[in-house]
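Structure, as structure tokens:
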Amino acid sequence: MKVLFVCNNAYNQGNGLSVSIHNTIRKLREHGVNARLMAIANPDPQGPQPDFPLGHWKFPLFEPIIYANGFAYAEIDREKIAEALAWADIVHIQEAMPLENVVVKMARKMGKTLTATFHLYPHNVSANLGLPKHNFVNWPLLHNWRRLVFNHCRDIQCPTAVVRDYLLKQGFKARLHVISNGTDIPAEPVKATYISVDGTVDILCIGRLSKEKSQDTLLKAMRHSRHADKIHLIFAGNGPKTSYYKKMADRLYREGVLKNPASFGFYSHAELQAMARQSYLYIHCAWVEVEGLSCLEALREGTVPVITQGDLIGTSVFALCPESLYPARDSRALAERIDWWIEHPEERNEMAQRYADSARNYDNDKTIEALIAMFRQALGQ
């Protein structure tokens, strides 16, 4: 089975889509599937390269915004696309941008089987343009995605049931499969770290610092928390909102709301694992998220999460108790959840192990087997 993955930018560090694609291709190859990638060439000449490299097309006027949000558009090289399609048995689409529109048209003419993973809501795109949740862009964008790309796919991977329900509601025609993007699970069960609240309480937030990730909700929550004076906030990531959030955090420190200055940085995968193991809580703030692999990876290390809940948030499926959920963008509710966990350390340490154990349900090997079964169904095997 030869599977061609198609996306625009697969070499952006810290981008969940990029991480997911490379993990999936690696695991498919380990399971005997010949998986290859067509994407923009890696800007690092010393780094790994896609099997079918494309050039980088810079979007006039909007390129600084696009770049700041960790995205890039591929040049549409029809010769390179035709070469990749000729090789493939299955063409697996990762987005519904101009590149994919052309790929789908050419693949259909060549009689190729099309499948996809739904990685992005239209809200992910419009939020990065500075638009509110409800706006004039979301519906026409989704309509075009569905009409030009997704309705030509036989099967679509939905990382969570929330995504599947959304696509059903929006009239998608393909067979929908709830298959997590998964994470690597160690062979030996993780033993969660016992953490005391006698000293400083580390609270970790991982992800691109951007509007739809809504990390300002956590910063605002500090003004409502009874225990803000002992909290140390750690923001792991970068993005267009970095300077703004640093200023918010500095003001909280200057005003005495926070006694510990917040930390901001971009960390390696190994560093994030170590930070997760030592953090009392992991906070998920995004109001739109297909799955949220950074949250899953924190759970794997035995970190107790507090996760946003809403109609566009697949991450909430990871929550094991009501105290791990709060309404999206509600800073007072988030503060109450944080305070509850700090005031109940025994419950926190008990749940830490339950969360570490629950992550084993999302083992990459299991999700890859389900994905291979989806590919075989698409091929009629």
Pick from 97, 110, 351 the residue whose mean-square fluctuation is largest in a GNM of the chain, springs joining Cα atoms under 10 Å. 110
Using a Gaussian network model on the chain with a 10 Å cutoff between Cα atoms, which of 343, 79, 291 fluctuates the most? 79
Charge context of residue 163, other residues only, Cβ under 15 angstrom, K/R +1, D/E -1: -2
Simple SL model, points at 7 angstrom along Cα→Cβ for residue 194 and residue 223; separation in nm is 3.9
Can you pick out the pairs among 220/241; 211/247; 27/191 whose Cα atoms lie more than 20 Å from each other? 27/191
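Stretch residue 83-residue 151 to full length: gain in nm at 0.36 nm per residue minus the Cα-Cα span?
Full-extension gain reported as 22.1 nm.
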Relative to the longest principal axis of the chain, what angle (0 to 90°, nearest 10) does the C-alpha long axis of helix 269-278 take? 30
Between helix 138-148 and the chain, what is the angle of the helix's C-alpha long axis to the longest principal axis, kept within 0 to 90° and rounded to the nearest 10? 30
Report, in degrees rounded to the nearest 10, the 0 to 90 angle that the Cα long axis of helix 242-254 makes with the longest principal axis of the chain. 0
What label, among (1) 64, 48, 45; (2) 77, 47, 35; (3) 62, 51, 36, belongs to Cα extents along the principal axes in Å computed from the structure on display? (1)
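Taking the Cβ of residue 229 as the center, what net charge do the other residues with Cβ under 15 Å away carry, scoring Lys and Arg +1 and Asp and Glu -1?
On the way: positive: 223, 226, 230, 254, 259; negative: 198, 202, 255, 339, 343.
Once positives and negatives cancel, what remains is 0.
How long are the three semi-axes of the equivalent ellipsoid for segment 201-360, computed from the Cα gyration tensor as the root of 5 times each eigenvalue, in whole Å, largest first?
Values: eigenvalues 89, 60, 49 Å².
The three semi-axes for segment 201-360 are 21, 17, 16 Å.
Read the figures in this text as sums done on the coordinates, not as results from a lab. As the structure is a computational prediction, the values presented were derived from the model and not from experiment. No Cβ is skipped: glycine too gets one built from the backbone with ideal geometry, and neighbour counts run over all protein chains shown.
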